[in-house]
Amino acid sequence: RPPGAFLSKMSKPDILRLAIPLFAQSGFNGVSMRSVADTVGVTPAALYHHFRDKEQLYLETMSYAFADKIVAVRALLKAPADALGLLEMLIRWLAETLHAETEFRKLLQWVLLDANSDRTVRLVQSTFEELFAILQNLNDGFRRRFDPHLLSISLIGLVVYHFETSAVRKILPGHRPEHDQPETLVRHLMQLLRPALLSPTP
C-alpha cells in the first residue's frame, strides 16, 4: 500500500469517530491535535485540513457523538403512549444508554464540567440542547404541579448522578448488585415520580 493511501481515505466522520475515546478520557484540555492525529493515523497537517483548530475538532466530535442519541429519542417519542408512559421510556433510554456506553457518559460529564463559558454555550447547543428541549416539552404536560424546566433538570440529575456515583455507591451500606441495573433505577424513579406527577394540584 502506498504511504499516503490510508491518509487519503480517512474521512471527516472517521476522524470524529476515532477522536471520541480521546476526548471521553481526557476532555478538551487533555487532548492535543497531535495526539488526535497520531491516534487517527494522519499527519497534523491533514487534521488541520478538516478542522481549523482543536476547539472546532472538539465541538464537532461532541456533536457527532450526540447525534445518534437525538435520533433515538425522536424515534422513541413516536410510540403510542401518554405523557407519563413516554417519560418512563425516556428515563429508561437514558439509564440504559449511560449504563452501556461509558464513553458517552464521560463525554456528558465533560460537557457539564467545562470551565470555558463560551465553549459551554456552543457545547450545549451542539449536544444535548435538543434532547433537553424534548424532555421539557414532554414535562409541560405536568405544568400544573411542576415547572417543566426544573422538572427536566431534576430528572436528568437523578439518572446521571446515579451513574456518576457508581464507584462510591458500591462501598456505601445497603448497596446491592441489582442497584447497578438500569431497570432497578427506572422502577425506583417511577415509584417516586408517578404519585407526584399524577396527584391533584394542591
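Where a number appears in this text, it was derived from the coordinates with a stated rule and is not lab data. Bear in mind that the values here come from a model prediction, so they are computed numbers and not experimental data. Here Cβ is always computed from backbone atoms with ideal geometry, including for glycine, and neighbour counts include all displayed protein chains.
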Item to complete: Please go through the range 91-127 and pick out each residue that is in contact with a Ser or Thr (Cβ under 9 Å, 6 or more places away or on another chain) and not in a helix (DSSP H, G or I).
Response: ASP114, THR127
Worksheet item: Within the range 180-200, is there a residue that is surrounded by fewer than 15 Cβ atoms within 10 Å (Cβ to Cβ) and within 19 Å of PHE23 (Cβ to Cβ)?
Response: no
Worksheet item: Which one is surrounded by the most Cβ atoms within 10 Å (Cβ to Cβ) among residues in the range 72-105 that are closer than 15 Å to ARG187 by Cβ and in contact with an Asp or Glu (Cβ under 9 Å, 6 or more places away or on another chain)?
Response: ALA95
